[in-house]
Amino acid sequence: MKESQQNTTDFGYKTVARDEKASMVADVFHSVAAKYDIMNDLMSFGIHRLWKRQAIACSGVRKGHRVLDLAGGTGDLTAKFSQLVGDTGQVILGDINDSMLKVGRDKLRDLGLVNNIEYVQMNAEALPFPDNSIDVITIAFGLRNVTDKDAALKSMYRILKPGGRLLILEFSKTDSEALSKIYDFYSFNLLPSMGKLVANDSESYRYLAESIRMHPDQETLKDMMENAGFEQANYQNMTGGIVALHRGFKY
Amino acid sequence: MIKTLLVAAAERVLNGALNLDPHFAAPLKKVQHKVLAIEIRDWQQTFALTYTGQSFMLFNNFQEQSDCHISASIATLSELKEPSQLTRLIRQEKLDLEGDLHLAQTYSQSFSNLDIDWAEHLSEYLGDAGAQQLVQQIKHVITRTKKADSILSNTTQELCQDELKVTIHPLEMTQFKAHTRELKQHAAQLEQRINQLLAR
Ligand SMILES: C[S@@+](CC[C@H](N)C(=O)[O-])C[C@H]1O[C@@H](n2cnc3c(N)ncnc32)[C@H](O)[C@@H]1O
């Protein structure tokens, strides 16, 4: 995991110059933004809603909290948090990509959620907040797209209030070999075809499948959280480890 | 995940109830955003319920701080329909309560005010015949509180087996297990073959 010292990084299975990854990731999400929600439901058979539900149950978000939904995209988590924090709280939907932010803003506005949500374009590696200013950070299916994950984790740690917590929801490694073979077949053969059919964009969905495989496994990510300063870092597997929910605290 | 799915469905029904009967949540305005944790002893599950002023949120697997934590068997909980029962049940040590008593009372009161045409409402989800049957069963539950526990679980069981097809009959379970064993064997064989092919 010493990628910070090198000049190249992964982009799915390709290797690209470090300073190019962000804009290549941006292209992927510009391209999928409009069809993002429908693809999410199709690709996961709707299960992503249950994964997110579990993340919210473990978030401890309460009235008055200031919550950052990082890499929040089209704002599924933001919608729930907005209700939980109430008028006295605030939710910031942060994403590097303005196309995704725009789709998110339109969607949440249609749901009538307007009062306590802010939309801010930001890079997870250098979060534009003062130290100790956020109660809860979530990053759902976003971390694997970030070039320098260690820098991002440190940045999250810095802006969390003491007592605050980080939740990372991300694809991970399943320990069942049979499940992992089915899953491989699904994500490398069926997924890109579905992407082509629905969003007319198989390349972006191939990148999604590859980036999932390149993402650190459960234990590695837990170690990375601890390196960034998080305490009581732990994780729970969901759907046989296809997805894991990591959680860590700042004291 | 099945549990999470059922809890998500229950949350939808509650929020549907809100839309159908706006008075229902009126008493809850005073306690909005407070979290009521409900531990059902015989299921060894803790659920959290909160009203945000717009809707209900219901979670399973809850391990966070709550404003009020009640713990009881499912049979005891169904007696709570009568708000005055709360203190009696605590005195009889059938129900443990930690935290804000007022919060539990408010919820109990608001759910006892619940006046909804469940048949019409549920038919949206389940189709008319199923809803009708379910409502009949629920009416039994209400009139015959003594046997509430068993009927409620039968209702849920029937509902799940016939309507939602989520839980399974013991026989089906045995058959399913046999199938899984077979499948597991096949998968192992397949895996071996794939590995052989890859090794070439
Ligand atoms: C798969 S989407 C997840 C969206 C949403 N959280 C969800 O679960 O539906 C990943 C998001 O991460 C964003 N993203 C990628 N790299 C980022 C970075 N370095 N900083 C912030 N957001 C980033 C993308 O623009 C995209 O919206």
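The values are calculated or read from the model by the stated rules, or taken from the named source; none is laboratory data. This structure is a prediction, so every number in the text was calculated from the model and none was measured. Heads up, the Cβs are rebuilt from the backbone with ideal geometry, glycines too, and the neighbour counts pull from every protein chain shown. To get the accessible areas, we keep the full protein, side chains included, count just its heavy atoms, and leave off ligands, DNA and RNA. Shrake-Rupley method; radii C 1.70, N 1.55, O 1.52, S 1.80 Å.
Can you sort A:ARG144, A:ARG105 by solvent-accessible area, 1.4 Å probe, largest first?
Listed by decreasing accessible area, they come as A:ARG105, A:ARG144.
Roughly how much accessible area, to the nearest 100 Å², goes out of reach of solvent when B and A pair up, both sides summed, probe 1.4 Å?
Counting protein atoms only, the buried area is about 1900 Å².
Could you tally the net charge around A:MET224, taking each other residue with its Cβ under 9 Å from the Cβ of A:MET224, Lys/Arg +1 and Asp/Glu -1?
Details: positive: A:LYS149, A:LYS222; negative: A:ASP150, A:ASP223, A:GLU226.
Summing Lys/Arg as +1 and Asp/Glu as -1 gives -1.
Using every alpha carbon pair in chain A, what percent of pairs falls into each 10 Å bin from 0 up to the bin containing the largest distance?
Binned Cα distances yield the sequence 7, 32, 40, 19, 2.
Given the pairs A:LYS149/A:LYS196; A:LYS14/A:LYS35; A:LYS102/A:LYS196; A:LYS102/A:LYS181; A:LYS107/A:LYS196, which are separated by over 27 angstrom at their Cα positions?
A:LYS149/A:LYS196; A:LYS102/A:LYS181
Counting heavy atoms of the protein chains only and a 1.4 Å probe, report the per residue accessible area for region B:2-112 as a whole number of Å².
49
Taking a probe of 1.4 Å, how large is the accessible area per residue of region A:27-95, in Å²?
It amounts to 33 Å² per residue over region A:27-95.
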